[in-house]
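Since the structure comes first, as structure tokens, the remarks are kept for the end.
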Amino acid sequence: MSQAPIYDLGVIGGGVVGSTLALLAQRGGLSTALLDRGPLCREASGVNAGTLTLQMTRVALIPHAMRAHAMWASARDWLGHDVGVVVCDGLSLAFTEREAALLEERAGKRRAAGAPITIISRDEALRVEPGISDRTLMAGHCVVDGYANAYLTGQAFRAALVDAGVAVMENRGVSGLDRTDNGFVARTAQGPVSFRRVVLAGGVWIEPMMAWLGVHLPIKVLVNQLSVTERIRPVMRTVVGIASGLLSLKQYPHGTVVIGGGWQGIGDRERGGVELVPERLVGNIRLACHAIPELAGARLARAWAGLEAETADALPAAGPIPGIPDAYVCGSIHSGYTSGPSIARSLADVILGREPDLPLFPIDRLMKAAPP
Amino acid sequence: MIRPADCLVLGAGPAGTEAALAAAEAGLDVVLIDEQADAGGQGWRAPLSGLTMPRKGADAEAGDGLRARLAASGVDRRLGRRVWSVGGAFRLDAVGPDGAEAYEAPRLVAATGAHERVVPFPGWTLPGVIGLAGATVLLKAQAVLPGRRVVVAGAGPLLFAVAAGIIAKGGEVAAIVDMDGRLAWARRLPGLARRLDLLKEGLGWTWSILGARVPFLAGHGVRCAAGRSEVEAVIVGPVDADGAPIAGPERRFACDALAVGHGLVPGGEVPKILRAAHLYDRLRGGFIPELDPYGRTTIENLYACGDGTGIRGARPSAVAGRLAGLAAAHDAGRLDATAFTALAEPTLQALADYRPFADTVAGAMALKPAQVAAITPATVVCRCEDVSRAEIDAAVDAGAGDINQMKHFTRCGMGPCQGRMCGDVAAELVAQRRGVTRETVGYWTQRVPLRPVPFDTMIGSFDYADIPIPPPAPL
Amino acid sequence: MSLVRVSNGVTRPAAATFAVDGMEVSAPAGEPLATALAAAGLLGLRDSPRGGTPRGAFCHMGLCQECVVTVDGRIVQACLTPVRAGMQVGLGGTLR
């Protein structure tokens, strides 16, 4: 009987962050195991709105979002598989004076961080996107925008990971993580998995994962509602949002329109997105139909909720875990689908002993003593 | 505006209507909601308003009786409503004739019925090919024949009901193509004989079919439907006892309609959305909620009854509905233990008496795995998204291990029918390709809306300023 | 070719006239539009969005969505929509 291998790296959590990390680490020469309690990219990474916009990205994440945008746009080259990425213009609309002020402030700060966002008039916005309401006052316009087809993420990453030789362990829930002389052992129902280094990349489940190592890192759980129409004739051609960030809207080439924006449903870490709040679904759809009036003729085909992780300061947890050598955390990235691949790339660089081009977000700032 | 009540019943078929009646008789304020304009469900449908036709048969009588009792009851009937959201404990959101509506009650009875299973074959998407259940709607509620010359094919009792219905209305049946051999029906006779009244009805269908001298092909299945823009012919061939095609002479029947069905699949969206525990029961048609003898699900104060909880047929469903209604009333404190037992015991007995018959009927309508295994690679399985069997197989080979992952890989089940038409067969294909159980493959994660719902009706008229937009995300 | 209304012993509401892509069609008022269209020989109502194959009413009970048409510009399921005089029906489904 051959001895179970000790992997150079174990990544726990197979969303876009964990999958990107595992892929880059393996390609960088580390034998890597990727464990997930379910199939790859089936939580937030598979059910988010797929928006690749800078106009909903936190200012501190703009450089990562721009690099990740390029990574998504070239997924066929580095991932080798299609995630249905479409690069197009993006508009962030303002319908009221208050929103116009908010838009100018927010676009200005994002522009200062490097995002190529300009403020354009209603008429200019209507030229960029003839589908928008003529009640638009002004718009933030960005040529670096677009979207992916989130539900294809798992399929694409899975194929790339298997091709690269990563040990993909789906449906393998980890119940605990033990430190040993030469690394870590993950306990699973199907037997232990050993590795020298570990990355915890479990999205909203980072908090219980960190507890395995005796580290308390509070992670808030957002329950984002989303909805999609059936296939309809073209009613829009760009990514459309509003100044406050409470709307994301785009029509896929096959005709469905996905509506997001982070309206909150009911759910938690243990049970997932349990329930949608009808009034909030209606509110989100009213907003969408206000922005793109022709959308009102469509039918709702499906609505769902996905969990998003948020730290106390709403910035990522990405870096070494203080006090535990060879252990790292990566996740809780605001609009994590947009920026995730870039942050994962920076952490992969660190693990591979390279200087990252873009900075990580070490968690020392977020650490609290474990509750007694 | 929210209409509060003691108990909501979703689905006004035999099960839901009986549940509503039983709960209302015990003093509960009951709201009964359905999409159709009249109670009765699919099997006991009323004729269209303003249409009169000669009606006879047990279903017509049973349906009319049910509607009369409902009309005389205190149940608040909200028909012609499309319920799109179910949540909380419990709230239903609907669109009705006057726009958006909402209902709230501490108890909910789900009685949403079943839908037809059609195991795909080449040409099944051609216009003119319809379900057997659809054909019964045309015949019984609309006095319409499915075509001038109709091939009736598939499995189960609906086959004979539809053929006999066409003949009775003066139509032409080109052929009856029954997957089951004569032996299969002979074996079912003892079970069917437990309900002589219903067996008699079945024999009546057979008699009229014999009288019309319609070609009857036992042990045969549809190989394909042919035609350019509409069905023009059906080619049939022999199948074995498991439903797999076998070598033998094929026959071609010219026709302008094919009515085809291979049994029923429990709908059961509501208990799935509310996350009640389910189990797979092939005899009962698929995944069904775990229930106690009275119809209580594993979610407190959520009840389920009727064919949505496993295929039994309309009459046993009506009895199960009454039980669920009694249980809801008892749990609400309106029927004390003595009264509940007095009412529930004979009802339980009535349900038990139906069991051999219901099992026999369900057996005739259960999925035949060998028939699914024989679907050809190019055949479309998901009608909405045109996903073929070959694409489903390829997704499984690429690592899709359960039904929802396969959906993500292929868009199978993502279309507007929400996976109803293809779900049972698609899951069976994944299970067979992987060599695992249906439990391993699972069922579609159920989402709202329960049916596609038009945005404009959902959102009504509004002022932008009144949209309760949450505070902006951090910058 | 078409659905056939049974006449023997059946009485129906008076006919209502409506338009299908500009063509005049009559059917008993209140009859499901899917039935009325098929009885008028209009079995194919749309092409499937991916494969482009012809589709018509399949389940006749509001589930399959194959009979989706527009009525006065709105997307509806023809099998759930009663015929009304003067309605403007458009074939071609939701992508029209």
Sorted by Cβ density within 10 Å, fewest first, the residues C:Ser26, B:Ser49: B:Ser49, C:Ser26
Cross-link candidates for B:Lys140: which lysines have Cα within less than 18 Å, leaving aside residues fewer than 8 places away along the same chain? B:Lys56, B:Lys169
Note to self: C-alpha centroids of region B:309-368 and region B:131-178 sit apart, in Å, by 30 Å
Residues meeting the amide H criterion for A:Gly241 (H placed from the backbone, H to H distance under 5 Å, 5 or more places apart or on another chain) are A:Leu91, A:Ser92, A:Leu93
Going by how many other Cβ atoms sit within 10 Å of their own, how do B:Trp44, A:Trp78 line up, fewest first? A:Trp78, B:Trp44
Amide H to amide H, which residues 5 or more places from A:Met138 or on other chains are under 5 Å from it, using H placed in the peptide plane? A:Ala94
Values of log10 I(q)/I(0), in the order q = 0.17, 0.22 Å⁻¹, for region B:152-226 under a Debye, Cα-only, solvent-free model: -0.64, -1.03
Output wanted: per-residue J couplings in Hz (rounded whole) for region C:71-84, from phi through Karplus 6.51 cos²θ - 1.76 cosθ + 1.60, θ = phi - 60°, x for Gly and Pro. 10, 6, x, 9, 6, 9, 8, 4, 6, 10, 10, x, 5, 9
Mean separation of Cα pairs under 8 Å and 6+ residues apart, divided by the residue count of region B:118-262: what relative contact order is that in percent? 35 percent
At a Förster distance of 25 Å, what's the computed FRET efficiency of A:Arg354 paired with A:Asp163, Cβ-Cβ distance as r, to 0.05? 0.65
Just how far, in whole angstrom, is region C:14-49 from region A:183-257 if you go by their alpha carbon centroids? 47 Å
Place a +1 charge on the Cβ of each Lys and Arg in chain B and a -1 charge on the Cβ of each Asp and Glu, then give the dipole magnitude about the Cα centre in debye, rounded to the nearest 20. 1260 debye
Kirkwood Rh for chain C from C-alpha pairs, in Å, is 13.4 Å
How big is the charge dipole of region C:15-95 about its Cα centre, in debye rounded to the nearest 20, if each Lys and Arg gets +1 on its Cβ and each Asp and Glu gets -1 on its Cβ? 180 debye
Which is farthest toward the positive dipole end of chain A among A:Leu366, A:Ala65, A:Ile12, measuring Cα position about the Cα centre, with Cβ charges +1 (Lys, Arg) and -1 (Asp, Glu)? A:Ile12
Rounded to the nearest 500, what is the 222 nm mean residue ellipticity of chain B from helices alone, with -39500 (n - 2.57) per DSSP H run of 4+ residues and division by all residues? -11000 deg cm²/dmol
extent check for region B:375-441: Cα max minus min per principal axis, descending, whole Å, gives 28, 22, 18
Within a Cβ distance under 10 Å of C:Leu95, other residues only, what is the Lys/Arg minus Asp/Glu net charge? +2
Report, in debye and to the nearest 20, how large the dipole of the protein assembly as shown comes out about its Cα centre when Lys and Arg carry +1 and Asp and Glu carry -1 on their Cβ. 1420 debye
When Cβ neighbours within 10 Å are restricted to other protein chains, what is their mean count per residue of peptide B:440-448? 3
Please compute the Kirkwood hydrodynamic radius over chain B, one decimal place, Å, based on all pairs of different Cα atoms. 23.2 Å
Neighbouring partner chain Cβ atoms per residue of A:227-234, average, 10 Å criterion: 6
Calc'd 3J(HN,Hα), region B:286-301, phi into Karplus 6.51 cos²θ - 1.76 cosθ + 1.60 (θ = phi - 60°), Hz, glycine/Pro = x, comes to x, 6, 10, x, 6, 10, 7, x, 9, x, 7, 7, 7, 9, 4, 6
Can you give me the relative contact order of chain B as a percent, contacts being Cα pairs under 8 Å and 6 or more apart? 18 percent
Share of Cα-Cα pairs in region B:118-262 lying beyond 26 Å, as whole percent: 19 percent
Report relative contact order for chain A in percent, whole number only (criteria: Cα-Cα under 8 Å, sequence separation at least 6). 22 percent
Once the in-chain neighbours fewer than 8 apart are removed, the lysines whose Cα is under 18 Å from B:Lys407 read B:Lys272
Report the far tail of the P(r) of region B:277-320, meaning the percent of Cα-Cα pairs longer than 14 Å. 44 percent
Quarter of Cα convex hull surface for region A:46-181, i.e. mean projection, nm²: 11.9 nm²
Per Stokes-Einstein, at 10 °C and 1.306 mPa s, what whole-number D in µm² s⁻¹ belongs to the protein assembly as shown, with the Kirkwood radius over Cα pairs as the hydrodynamic radius? 54 µm²/s
Using θ = phi - 60° and the Karplus relation 6.51 cos²θ - 1.76 cosθ + 1.60, list the HN-Hα couplings for region B:228-243 in order, rounded to whole Hz, with x at every Gly or Pro. 8, 10, 8, 5, 10, 7, 10, 10, 10, x, x, 10, 8, 5, 8, x
Residues A:Glu270, C:Glu31 in order from fewest to most other beta-carbon atoms within 10 Å are A:Glu270, C:Glu31
log10 I(q)/I(0) for region B:184-292, Debye formula on C-alpha points only (no solvent), q = 0.19, 0.20 Å⁻¹, two decimals, reads -1.15, -1.17
List the residues, sorted by chain then number, that are 5 or more residues from A:Gly173 or on another chain and whose placed amide H is less than 5 Å from its amide H. A:Ala189
Charges on Cβ only, +1 for Lys and Arg, -1 for Asp and Glu, centred on the Cα centroid of chain B; of B:Gly154, B:Asn301, B:Ala218, which one is farthest towards the dipole's positive end? B:Ala218
Along the positive direction of the dipole of region C:1-66 (beta-carbon charges: Lys, Arg +1; Asp, Glu -1; about the Cα centre), which of C:Ala16, C:Ser48, C:Ser26 reaches farthest? C:Ser48
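None of the figures in this text is laboratory data; all of them are computed from the coordinates on show. Bear in mind that the values here come from a model prediction, so they are computed numbers and not experimental data. Every residue, glycine as well, gets a Cβ built from its backbone with ideal geometry; the counts of neighbours run over all protein chains shown.
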